[in-house]
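What follows is a single structure, written as structure tokens, with notes after it.
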Amino acid sequence: MTVRVRIAPSPTGNLHIGTARTAVFNWLFAHHHGGKFILRIEDTDLERSRPEYTDNILAGFRWLGLNWDEGPFFQSQRLDLYKTAVEKLLDQGLAYRCYTTSEELEALREAQKARGEAPRYDNRHRHLTPEQEAAFKAEGRNFVIRFKIDDDREIVWNDLVRDKMVWRGSDLGGDMVIARASEDGIGQPLYNFVVVIDDIDMQITHIIRGEDHIANTAKQILLYEALGAKIPEFAHSPLILNMEGRKLSKRDGVTSISDFQKMGFTAEALVNYMTLLGWSPPESTQEIFTLEEAAKVFTFERVNKAGAKFDWAKLDWLNSQYIHSMPVDKLTDLLIPYWQEAGYPVEEGRERPWLEQLVALIGPSMTRLVDAVEMGKLFFNEIVELTEEGSKQLQQEGASAVLSGIIAALENQPQLTDTVAQDIIKHVVKEQNVKKGLVMRSLRVALTGDVHGPDLIQSWLLLNHLGLDKSRLNQAIHS
């Protein structure tokens, strides 16, 4: 048997971290077994589905490296297939037309609520006579299609994560609507029905999704049986929770993959972190790995039943590890768009070698890619703003004199190198008989605006290449 799994997002919003983590588990399982990973877009919600959300979803999967083997397939292009299946169930007497109005359903719910009962449809139209149906049609009523659910039926499956699962038909809310009302026959088929039709048609062998779908699984197993299809295996992964133990939501801040990207997380770190959200590798101390490495050892025996708490500090740490180990040329490629978005003059006198030298300087201090915007500010702006500590340093006795001495020494040097810079500092220390600390701190403030920052000599060389060091030294003297 060839393993065939699928991820089936709905384009009613941007790609969510929860959907992406489910996609990761599907991808890992498929690749572990040499199977197929299929992408299906569940766009039957015509009112809320948007092409820009589809584009966001596809771009997010590509960015994360979750390349699919088949698809994307769009449910909106498969409506005839669904309606044919509805008609089959009607012909077999396994589904029926229900003419109950919304007002009648609301009255039913209110009565059940008053009695302290869980809301459920009472199956009142399951056995309508032809005469009763004709009377409802004469009233101008439209119908939905409901699938018959036996209240006494026990639905059992062996979940790959949660072991034996047992549901009763009476827990499923009565006969299930599988197609909406329409004025001209069978209306829009609904999620629980179309997902089964698609999975049968695409020969899906394993359905891997979040635990919030468990109740849907019980309903869908009944549909598989009614349609005479082989029931796939199911695996329900834990939900992603916030640090308080509640389901992660927009209230917790960023939840879409494109937002994580904008915040400066690398694709490798994010997909690595999502792999660890609910799964642990056999080597429990290993935390950094590629998708391909994880796929070799991925099994559902190591997927937790409990919810996985989203830990920003852990994600930041992982991201920093990927940034710090990344080749300078690749990291430069990733940082340029952030600088351009910030409006920095990336192209003006800043050739590729200069940019890579800057990246080599600030890269080891970065946690997120977006950190390069603040860290790079002093190398892209003509002037720098002094911090409070920086201002105090320039007011120290002798500070202006050592800066003047540095300017004078620079005039005698055709090119500034690491060695020349060190020699200038030594020369000023000796000439003015001051401590090296005064020279170093004053020079740093003049060039960067602060007493703290990246390596001083390398910063100086980068600024000198653009001719910004002398102007900043002069500015500091007269500040």
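The values are calculated or read from the model by the stated rules, or taken from the named source; none is laboratory data. Every value quoted in this text rests on a predicted model; they were computed, and no experiment measured them. Ideal geometry is used to build each Cβ from the backbone, glycine not excepted, and the neighbour counts take in all protein chains shown. To get the accessible areas, we keep the full protein, side chains included, count just its heavy atoms, and leave off ligands, DNA and RNA. Shrake-Rupley method; radii C 1.70, N 1.55, O 1.52, S 1.80 Å.
Restricting the calculation to alpha carbons of region 188-315 gives Rg and Dmax of 17.2, 50 angstrom. On a per residue basis, the convex hull of the C-alpha atoms belonging to region 157-227 measures out at 110 Å³. Here THR101 and THR290 are evaluated by their C-beta separation; at R0 = 60 Å the FRET efficiency comes out at 0.60.
In this label model, ALA111 and MET243 are separated by 5.1 nm, measuring between points 7 Å along each Cα→Cβ vector. Rolling a 1.4 Å probe across the protein heavy atoms gives region 297-417 an accessible surface of 53 Å² per residue. Computed over region 3-84, relative contact order equals 38 percent, with contacts defined as Cα pairs under 8 Å that lie 6+ residues apart.
Think of a 1.4 Å ball rolled over the protein heavy atoms: region 144-239 then has 38 Å² of accessible area per residue. Give the residue from TYR338, PRO353, VAL370 lying farthest towards the positive end of the charge dipole for region 325-379; charges sit on Cβ (+1 for Lys and Arg, -1 for Asp and Glu) and the dipole is referred to the Cα centre. Positive-end residue among those listed: VAL370.
Within the set (i) 24, 57, 18, 1; (ii) 21, 52, 23, 4, 0; (iii) 19, 38, 23, 14, 5, 0, the number that P(r) over Cα pairs in 20 Å bins from 0, in percent takes when calculated for this structure is listed as (iii). Computed from Cα positions, the angle between helix 328-341 and the longest principal axis of the chain comes to roughly 80 degrees.
Taking every Cα-Cα distance in region 109-210 and sorting them into 10 Å bins from zero, the calculated P(r) comes out as 12, 30, 36, 17, 5, 0 percent.
If you take the alpha carbon atoms of region 1-84 and fit the smallest convex hull around them, that volume is 91 Å³ per residue. A helix-only calculation puts the chain at -14500 deg cm²/dmol for mean residue ellipticity at 222 nm, using -39500 (n - 2.57) for each DSSP H run of at least four residues, averaged over all residues. To put it simply, the accessible area of the chain at a 1.4 Å probe is 48 percent carbon and sulfur. Contact order for the chain, expressed relative to its length and based on alpha carbon pairs under 8 Å spaced 6+ residues apart, stands at 13 percent. Between the listed residues TRP460, THR448, HIS206, the Cα displaced farthest toward the positive end of the dipole of the chain, a dipole computed from Cβ unit charges relative to the Cα centre, is found at HIS206. The charge dipole of region 286-427, taken about its Cα centre with unit charges on the Cβ atoms of Lys, Arg (+1), Asp and Glu (-1) only, comes to about 600 debye.
The VAL346 and ARG251 beta-carbon pair, evaluated with R₀ = 45 Å, returns a calculated FRET efficiency of approximately 0.80. With one equal scatterer per alpha carbon and no solvent term, the Debye-computed log10 I(q)/I(0) for region 423-479 at 0.14, 0.20, 0.30 1/Å reads -0.36, -0.75, -1.30. My understanding is that a pair violates if its Cα-Cα distance is over 22 Å; which of LYS262/LYS314; LYS36/LYS314; LYS392/LYS435; LYS36/LYS305; LYS330/LYS377; LYS113/LYS137 do that in this structure? From LYS262/LYS314; LYS36/LYS314; LYS392/LYS435; LYS36/LYS305; LYS330/LYS377; LYS113/LYS137, over 22 Å: LYS36/LYS314; LYS36/LYS305; LYS113/LYS137.
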